[in-house]
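Here is the structure we will look at.
The values are calculated or read from the model by the stated rules, or taken from the named source; none is laboratory data. Given the structure is predicted, the values throughout are model-derived calculations rather than measurements. Counting neighbours? That spans all protein chains shown, and the Cβs are built from the backbone with ideal geometry, glycine included.
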Amino acid sequence: MFEILDRGGLGRTGTWIRGGREIRTPTVLSVHRPHRAAPEYAEALLVAERTTDPRLQIRVSGSFFSERPPEDPDDLPATKAVPLSVADLEIPTPFLLGDLAVVTSGADFAAAASADAVVLANGPEYLRDPRTFVTTMARAREALGPVTPLGVFGVAAPENLAALVYAGVDLVDSSRIVLDSARGVFHTPDGAYPDRADLRAACACPACAGGEDLLAHNERALYRELLLVRSHLAHGRFRELAEKRLANDPWNTAVLRHFDLRHHDLLETYTPVTGGEILAYSASSLTRPEVVRFRHRVRERYAKPPSARVLLLLPCSARKPYSASRSHRKFREAILASARPSVVHEVIVTSPFGLIPRELERCYPARAYDIPVTGDWSRDEAAVVADDLHTFVAANEYDAVVAHLGAEAPIVRAALPQVFVPSESRPTSDEALAALTRTLSDLAGAFDRVPGARRFAEEMSNLARFQFGDAGLALVEGATFKGRFPDVRAIRGGVQVAMHTERGMFSLTLDGGRVLSERDAYCVEIEDFVPKGNVFAVGVTDASREIRVGDEVAVRHAGDVRAVGTARMAWREMLDADRGEAVHVRHVVPPKA
């Protein structure tokens with residue numbers, strides 16, 4: 001039995017209940033030998049023969065060529081003991097023993113779906129082939145689902161543990177550490193080095209300070225990295241940790257790159273649509289799931305306000321949302337001073353997101369990210385902006401495009417030669433702002449004025465569509481919007497269907513949930529009961545495939561909406577899990593009299 005607690009990529013912290021014990025994952029199974037016991041801080045053991053130690057012990061049962069009879073439910077089945085190159089060789093070895101499985105071939109994943117935990121055989125071989133490792137992990141998670149603990153042994157070290165966990169590994173062991181210690185390899189989170197006295201002197205761990213041997217240091221280094229991984233997962237900073245570790249081992253870089261570029265859909269499924277600040281400090285931030293999802297949704301779910309005629313490209317600001325910054329307040333004053341500000345559509349040019357329409361600036365993660373501002377754009381960043389600009393302008397027809405930019409201006413000019421550039425001066429200078437007002441007046445002055453309420457309704461509709469897709473348009477069709485942005489109520493036929501808030505999302509009412517239910521979008525199907533509190537996964541029978549953690553959802557049974565709330569699990573987790581909160585309920589139908 002397994003319950004997911006925190007997430008990051010395919011990585012997560014969780015509680016694995018095994019033999020009445022609660023094991024926190026990810027965890028390290030420390031190798032325990034008769035002449036060298038596992039350290040006292042170890043949380044679980046990997047053994048060849050069982051001991052009286054009360055901690056969880058996973059026993060290795062040998063191979064087809066040297067099999068040891070199973071003696072305990074926590075004994076792993078014997079492996080084929082063949083390399084990956086011949087993993088599909090037919091050898092009569094049961095890979096599932098009780099409810100633990102050791103999988104050698106990808107063909108065995110589906111049959112292992114009933115296992116309580118699965119271990120991938122041939123772990124050390126993956127260190128030579130990161131692409132095969134990523135492909136295997138992706139296939140494993142697709143076949144086994146998100147709630148089956150997955151182990152890979154013989155690979156873990158302090159410098160690659162974050163990459164392993166990000167790829168979805170829950171269980172590792174210390175066997176590589178034991179072997180490398182015998183070889184004289186000194187491990188740190190920053191890399192591995194030949195053991196030297198100066199490294200020991202610079203290390204602050206109790207093992208080095210107390211004069212213990214190299215194995216004691218390496219075991220502590222692995223355990224400390226495990227604690228750091230768990231902490232970053234709990235605080236929503238795990239992707240940042242994984243990116244920090246890229247420079248420590250080329251294997252880490254290959255794993256992250258293969259996942260981002262070849263298995264984005266899988267990563268995105270388990271990436272929340274809400275969260276804390278994103279620190280986009282490395283080139284790998286361009287391909288992290290939250291960033292790519294935002295860019296895809298701008299392309300697939302977004303359309304400019306119909307009344308907008310002039311596209312105005314603006315630079316980003318350090319303060320979020322942009323409209324609260326000093327520079328963007330100046331831009332707004334210049335726009336309002338022009339002849340027809342109501343036909344101007346503001347879009348911010350930024351890395352790593354490419355383009356952020358003004359009305360989406362409070363949507364996650366546009367509302368919460370930080371980047372190093374140097375005025376220098378890499379080729380990859382420039383390519384993102386150019387590609388998004390071409391796509392955006394092709395999909396959204398404007399009469400003119402104006403670029404009021406700084407360092408981004410050459411990129412935009414190269415992508416859109418027809419762009420109007422009001423001034424070459426610094427965007428916030430008085431000269432540049434006056435030139436912006438004149439240019440907008442010249443380009444937009446001939447158009448009719450657009451009523452403020454109409455333009456506001458168009459922008460709110462864009463927000464609903466960005467959040468819910470086409471079902472969002474149905475949610476606010478014919479609605480009036482009341483309130484002062486960002487706190488705005490959407491009312492249809494005198495009934496409130498949703499409320500937009502500071503977090504940049506619409507919160508549903510029961511009536512809004514019924515609209516989504518009619519479109520079969522963002523719905524969680526439950527058994528025949530009326531929730532008296534939050535909805536737990538054990539009561540879920542189905543869920544819309546677009547649901548991610550943090551999404552607003554309707555909870556229904558046979559088309560009857562019983563509640564609305566916020567998803568605490570992705571759709572697959574809701575279906576596979578038998579523990580944990582699936583939906584945090586906000587409104588529930590009143591009991592029948």
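A few notes on this one:
- Residue within the stretch 485-506 that is in the same structural domain as Gln467 (by TED's automatic domain parsing) and over 19 Å from Met460 (Cβ atoms) present: no
- Every residue from the stretch 481-496 that is surrounded by 13 or more Cβ atoms within 10 Å (Cβ to Cβ) and under 29 Å from the mean Cα position of the chain (by Cα): Phe485, Pro486, Val488
- Subset of the stretch 417-445 that is small (Gly, Ala, Ser), surrounded by 15 or more Cβ atoms within 10 Å (Cβ to Cβ) and touching a helix residue (DSSP H, G or I) at 6+ places or on another chain (Cβ under 8 Å) - its residue that is farthest from Arg340 (Cα to Cα): Ser423
- Any hit, the stretch 169-191, residues being closer than 18 Å to His263 by Cβ, of a type in the set (Gly, Ala, Ser), touching a Leu at 6+ places or on another chain (Cβ under 6 Å) and in contact (Cβ under 8 Å) with a residue 24 or more places away in the chain: no
- Across the stretch 547-579, the number of residues qualifying as buried (at least 17 other Cβ atoms within 10 Å of the Cβ) and assigned to a loop (DSSP other than H, G, I, E, B) comes to 9.
- Any pair with Cβ under 7 angstrom, 6 or more apart, that starts in the stretch 339-359 at a residue that is within 10 Å of Ala308 (Cβ to Cβ) and in a helix (DSSP H, G or I) and ends at one that is modelled with pLDDT under 95 and small (Gly, Ala, Ser): Ser342/Gly452; Val343/Ala444
- Single condition Leu433 does not satisfy, out of (1) touching a Phe, Trp or Tyr at 6+ places or on another chain (Cβ under 9 Å); (2) within 18 Å of Val402 (Cα to Cα); (3) modelled with pLDDT under 95: (3)
- Filtering Ser325, Ser307 for residues that are free of Cβ contacts under 8 Å to residues at least 12 places away in the same chain, surrounded by fewer than 22 Cβ atoms within 10 Å (Cβ to Cβ) and farther than 30 Å from Leu267 by Cβ leaves a single hit, Ser325.
- Residue in the stretch 476-488 that is among the small types (Gly, Ala, Ser), out of contact with any strand residue (DSSP E or B) (no Cβ under 9 Å at 6 or more places or on another chain) and without any contact (Cβ under 8 Å) to a residue 24 or more places away in the chain present: no
- Of the criteria (1) modelled with pLDDT under 95; (2) surrounded by fewer than 16 Cβ atoms within 10 Å (Cβ to Cβ); (3) in contact with a helix residue (DSSP H, G or I) (Cβ under 8 Å, 6 or more places away or on another chain); (4) not aliphatic (A, V, I, L, M), which one Thr391 fails: (1)
- Scanning the stretch 370-388 for residues that are in a helix (DSSP H, G or I) and in contact (Cβ under 8 Å) with a residue 40 or more places away in the chain yields Asp380, Glu381, Val384, Asp388.
- In the stretch 150-160, the count of residues that are of a type in the set (Asp, Glu) and over 25 Å from the mean Cα position of the chain (by Cα) is zero.
- Output for the stretch 141-173, where each listed residue is surrounded by fewer than 24 Cβ atoms within 10 Å (Cβ to Cβ) and part of a helix (DSSP H, G or I): Arg141, Glu142, Ala143, Leu144
Condition check ((1) polar (S, T, N, Q); (2) assigned by TED's automatic domain parsing to the domain that holds Asp370; (3) not in a loop (DSSP other than H, G, I, E, B)) across all residues:
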| site | (1), (2), (3) |
| --- | --- |
| Tyr223 | no, no, yes |
| Ser231 | yes, no, yes |
| Ala242 | no, no, yes |
| Leu246 | no, no, yes |
| Trp251 | no, no, yes |
| Asp265 | no, no, yes |
| Ser317 | yes, yes, no |
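- Which listed residue, of Ala414, Ala366, Ala334, is surrounded by 22 or more Cβ atoms within 10 Å (Cβ to Cβ), of a type in the set (Gly, Ala, Ser) and under 25 Å from Ala435 (Cβ atoms): Ala334
- Matching residues in the stretch 17-41 - criterion: being within 28 Å of Ala162 (Cβ to Cβ) and either surrounded by fewer than 21 Cβ atoms within 10 Å (Cβ to Cβ) or basic (Lys, Arg) (or both): Ile17, Arg18, Arg21, Glu22, Arg24, Arg33, Arg36, Ala37, Pro39, Glu40, Tyr41
- Restricting attention to the stretch 54-75, the residues that are touching a Gly at 6+ places or on another chain (Cβ under 9 Å), modelled with pLDDT under 85 and within 16 Å of Asp173 (Cβ to Cβ) add up to 1.
- In the stretch 269-286, the residues that are buried (at least 17 other Cβ atoms within 10 Å of the Cβ) and assigned to a helix (DSSP H, G or I): Thr269, Ser284, Ser285, Leu286
- As a summary of the residue check, Phe536 satisfies the conditions (1) modelled with pLDDT under 95; (2) closer than 21 Å to Met574 by Cβ; (3) aromatic (Phe, Trp, Tyr) except for the one numbered (1).
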